[in-house]
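Okay, so here's the structure we're looking at.
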């Protein structure tokens, strides 16, 4: 367990993503994966009020509802850290936040949200209004802490400054894309997160499945809704990163995914990588990273491969 920023929340090494619940994982699969995650000592579960609205027939909130039905069977709610989000549509007005929070609480079947993210920035709403609404939820005991997702460095810094100046709740965590082959986070956001004491919980830690190694040039097609995005990475850069991952995975008798997550977990400011699983077998493969220790040389080799790929000139 690790402490989330300056809060009293202790979280497990893997944050289990709920975006697949109600999408590629049905209710039975969802419950099985959540049971296995908790049995393995996991306590940090991430979802959003917009998951899985992209599925035909869904309206959003299906993931929260499935997690809520699972929570209803548990007696350990207080040891679990449930994170969800509001504002995927970039609406962070006061009433929109307050109304969305009530809907999320009802679907989750709980009286509080441990970590409530602004899913996307809303540049058209004053930051004071957004943080003030979060403050009302915190004062009412319905939210414990707040986080930001998909913010630019400038907007995150502005939000933190407004919170400090106005005595409003401050974001304690950041969710943004970061993985071995997607490294924009290192430029701008990482230094800010470090300087202001936030916790980073990066999403797409496996680059949409690409870093599992199941996508290879000329390999058999993979039946997955993420296949198109993953195969788009099969250029010289991506293949070079996979080759390095494979070499290090073989040396440790483990998987590409475990090495990729171990690299991510070792990066400055990262508290817990976020990854999803639709089966227990996938979850078990993810969890192996928690007992994998990479050498400094292996971490450096992965960092270089993820940045440049084979044949690149010196930086």
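Details
- Of all residues in the stretch 223-237 being surrounded by fewer than 15 Cβ atoms within 10 Å (Cβ to Cβ) and over 23 Å from the mean Cα position of the chain (by Cα), the one that is modelled with the highest pLDDT: 235
- Test: residue in the stretch 32-55 that is surrounded by fewer than 14 Cβ atoms within 10 Å (Cβ to Cβ) and within 29 Å of residue 198 (Cα to Cα): yes
- A single member of 147, 197, 135 is out of contact with any helix residue (DSSP H, G or I) (no Cβ under 9 Å at 6 or more places or on another chain), surrounded by 15 or more Cβ atoms within 10 Å (Cβ to Cβ) and in contact (Cβ under 8 Å) with a residue 60 or more places away in the chain, and it is 147.
- Residue that is part of a helix (DSSP H, G or I) and either more than 30 Å from residue 164 (Cα to Cα) or modelled with pLDDT under 85 (or both), where the choices are 218, 240: 240
- Hits in the stretch 67-107 (condition: over 20 Å from residue 20 (Cα atoms), in contact with a strand residue (DSSP E or B) (Cβ under 6 Å, 6 or more places away or on another chain) and not in a loop (DSSP other than H, G, I, E, B)): 97, 100
- Out of 115, 156, 160, 192, sole residue that is modelled with pLDDT of 95 or more, under 28 Å from residue 59 (Cα atoms) and not in a loop (DSSP other than H, G, I, E, B): 115
- Pairs where the first residue, in the stretch 1-12, is on the phi > 0 side of the Ramachandran plot and in a loop (DSSP other than H, G, I, E, B) and the second is surrounded by fewer than 13 Cβ atoms within 10 Å (Cβ to Cβ) and at pLDDT 95 or above, C-beta under 8 Å, 6+ apart: 5/197
- Residue count for the stretch 257-281, restricted to those that are without any contact (Cβ under 8 Å) to a residue 60 or more places away in the chain and surrounded by fewer than 22 Cβ atoms within 10 Å (Cβ to Cβ): 2.
The values are calculated or read from the model by the stated rules, or taken from the named source; none is laboratory data. Note that the coordinates shown come from a computational prediction; the quantities given were computed from them, not determined experimentally. Neighbour counts are summed over all protein chains in view; Cβ atoms, including those assigned to glycine, are modelled from backbone coordinates with ideal geometry.
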